[in-house]
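The values are calculated or read from the model by the stated rules, or taken from the named source; none is laboratory data. Note that the coordinates shown come from a computational prediction; the quantities given were computed from them, not determined experimentally. Quick reminder, even Gly has a Cβ in these numbers, built from the backbone with ideal geometry, and neighbours come from all protein chains shown.
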Amino acid sequence: MVAVLNIGGEPTQADFHEAISAKSDRWYSACLKITRNPDMAADAVQDALLNAWNKRHQFEQTARLDTWIHRIAINAALNQIRKSKPGVFESFDTDVESDVVTPHRAREEHELENTLAAALSRLTEVERVCFVLKHLEQWRVKEISAELELNEGRVKQAVFRAVKKLRVSMQEIQREDYE
């Protein structure tokens, strides 16, 4: 569901309500994966919505409103981490959702989400954030590098290490589940 906007106009309150009702859970989930703290994730989404509303005149009609807010929420989550853990990011030198959700599929998705969350918790802060932005949020390495103020090589290394660790963690967790 996408808010339909007047060409050349800024998003209305109704547009925001539509986007919030359709995507707020997704924004919260993304922020939670980054912050690993429900309160920080909720604060990030709230900050993002306030920021988006206050800057709605800057919204470009070529983008989707929910995507624009999602990006702002991700940045707000990163800012929450920066505030709570200064120095973490210092440098060393489009969901496709099915309309039909069966109980079996919902249980499998919930189990996978829990498994991934457990595996993500074993990563360092930089690895987890870089992985989430690259593979779950589909950011480019260049965008991650600019946002986190890390060189691209450091981002690539963090993503590589994260993937390597996640493969091991996911295998271990799956073995534990089947024993």
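What the table shows:
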read-out: All positions within segment 98-149 that are over 14 Å from the mean Cα position of the chain (by Cα) and of a type in the set (Gly, Ala, Ser); value: 98, 106, 118, 119, 121, 145, 146
read-out: Matching residues in segment 150-172 - criterion: being modelled with pLDDT under 85 and within 23 Å of the chain's Cα centre (by Cα); value: 169, 170
read-out: Yes/no for residue 36 being surrounded by fewer than 20 Cβ atoms within 10 Å (Cβ to Cβ) and more than 13 Å from the chain's Cα centre (by Cα); value: no
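This table checks each residue for (1) assigned to a helix (DSSP H, G or I); (2) modelled with pLDDT under 85; (3) of a type outside the set (A, V, I, L, M).
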position: 21; (1), (2), (3): yes, no, yes
position: 45; (1), (2), (3): yes, no, no
position: 63; (1), (2), (3): no, yes, no
position: 68; (1), (2), (3): yes, no, yes
position: 88; (1), (2), (3): no, yes, no
position: 113; (1), (2), (3): yes, yes, yes
